[in-house]
Amino acid sequence: MKRNVIVILIVICAGLVAGQTITDPAHIEVYITPYYNSNGPAIEVGRFSSGLAAKSESEFLATIAKMKQSWETLNFPELYVAAIRLYDLGFRKDSIYWFYSAQYRGRLFATLIDQNKMGSIGNAGFELFQAQNAFQQLVGPYINGYAFGDIDQLVPIIERVQREGKVVPELTKIYPGVVFKPKSEWDAGNKGLNEGLTKLLITLKNEKASIKQQRVERGMEAKFGKLPSKDLPKASGP
């Protein structure tokens, strides 16, 4: 694979959006209204909000365990916020799985929503459509900054997300009030998204050395390479 392709990959997966800076790689500092504000943090994603924002680690981990029990019905803002909090609290390896699961579900949402019927500001469909892009762009540089430091660890996580993504969930129940494309189009839309991960996995497996070099040249290795990760208690694991 040519070097310029690797550059594009790193920009997509670990680059910063315009105006975004990372002053503390160990703490994800983002504001995505109304779902998450790192100041506090302030969290508004529904039933698990208070537990995700808990100062007590034991209360937070109990919430993560409850979320895993409801895994099939979690929406992408819940998953993204859980990934952020896992990362900030030091459970960074686990945050990768939650982040990529959130990213997959967010992209699936954006692929299958009927954009002609999603409304405008204030409508659930419109707000969620904008949020999936914001979460991906603002949170990605942090978690991918860490995750791309160990490709051998990252690959099986993405493979797992890909396997789990082969079946389309009942989107109308997960996102009430949102109008989606006809169900006859869901499998095709999901297939294209799933196949995109195959291309990413091929690149990761074949270009580890080039990716490592790009990280070093862009300062990502120095910034994220020494971040530690704690093991998530088994009762809270994915």
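Bear in mind these aren't lab numbers, they're just calculated from the coordinates by the rules spelled out. These numbers come from a predicted model, not from an experiment. Every residue, glycine among them, receives a Cβ derived from its backbone with ideal geometry; neighbour counts consider all protein chains shown.
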*Using θ = phi - 60° and Karplus 6.51 cos²θ - 1.76 cosθ + 1.60, couplings along the stretch 175-184 (whole Hz; Gly, Pro as x)*: 10, x, x, 9, 9, 9, 4, x, 4, 5
*With at most 14 neighbouring Cβ atoms within 10 Å, loop trypsin sites (Lys or Arg not before Pro) (DSSP) excluded, longest segment of the chain*: 56-165
*With only Lys, Arg, Asp and Glu charged, each at its Cβ (+1 for the first two, -1 for the last two), find how big the charge dipole of the chain is about the Cα centre; round to the nearest 20 debye.*
500 debye
_Can you return the lysines within cross-link range of Lys117? Criterion is Cα-Cα under 19 Å, with same-chain partners fewer than 8 residues away left out._
Lys173, Lys181, Lys183
*Translational D (Stokes-Einstein, µm²/s) of the stretch 59-213 at 4 °C and 1.567 mPa s when Rh comes from the Kirkwood sum over C-alpha pairs?*
79 µm²/s
_Unit charges on C-beta of K, R, D, E only; dipole of the stretch 82-188, Debye_ = 160 debye
*Quick one: which residues, 5 or more positions from Glu44 or on another chain, have an amide H under 5 Å from its amide H? H modelled 1.01 Å from N in the peptide plane, none for Pro or chain starts.*
Tyr36
*Report the relative contact order of the chain, percent, no decimals, based on alpha-carbon pairs under 8 angstrom and at least 6 residues apart.*
27 percent
_Global form of the stretch 14-118, assessed from the alpha-carbon gyration tensor, a/c cut-off 1.5_ = oblate
*Of Ser50, Ser38, Ser58, which has the largest mean-square fluctuation in a 10 Å C-alpha GNM of the chain?*
Ser58
_Set of aspartates and glutamates near Lys223 by C-alpha distance (under 13 Å), chain-local residues within fewer than 8 positions excluded_ = Asp24
